[in-house]
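What follows is a short report on a single structure.
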């Protein structure tokens with residue numbers, strides 16, 4: 001879903017650092033067509049002199065546009081989201 005993002009630093013001081021203003025390039029048409037939850041994996045690798053010195057990954061849940069996440073907060077609204085969420089359901093004539 002995301003394009004590869006790279007950032008290069010010539011030098012860094014010792015200590016804590018944070019990445020800010022990361023420009024994620026994502027596939028908007030894929031997001032619009034998403035009908036089920038998707039989990040992407042983000043991988044972070046830090047190199048020094050072409051040597052891997054740190055690596056971590058984390059999951060990034062991606063939800064469809066019509067996802068309802070308020071069941072715990074507003075259970076009475078659940079009925080408004082009870083609909084099969086696949087595009088083929090809209091092609092059925094009743």
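Read the figures in this text as sums done on the coordinates, not as results from a lab. Everything numeric in this text was worked out from a predicted model, so none of it was measured. Backbone-built Cβ (ideal geometry, glycine too); neighbour counts: all protein chains shown.
How far is the Cα center of segment 18-53 from the Cα center of segment 2-17, in Å?
Value for the Cα centre distance between the two parts: 14 Å.
Applying a 10 Å radius around every beta-carbon, put 48-58, 30-40, 12-22 in order of their mean neighbour count, most first.
30-40, 48-58, 12-22
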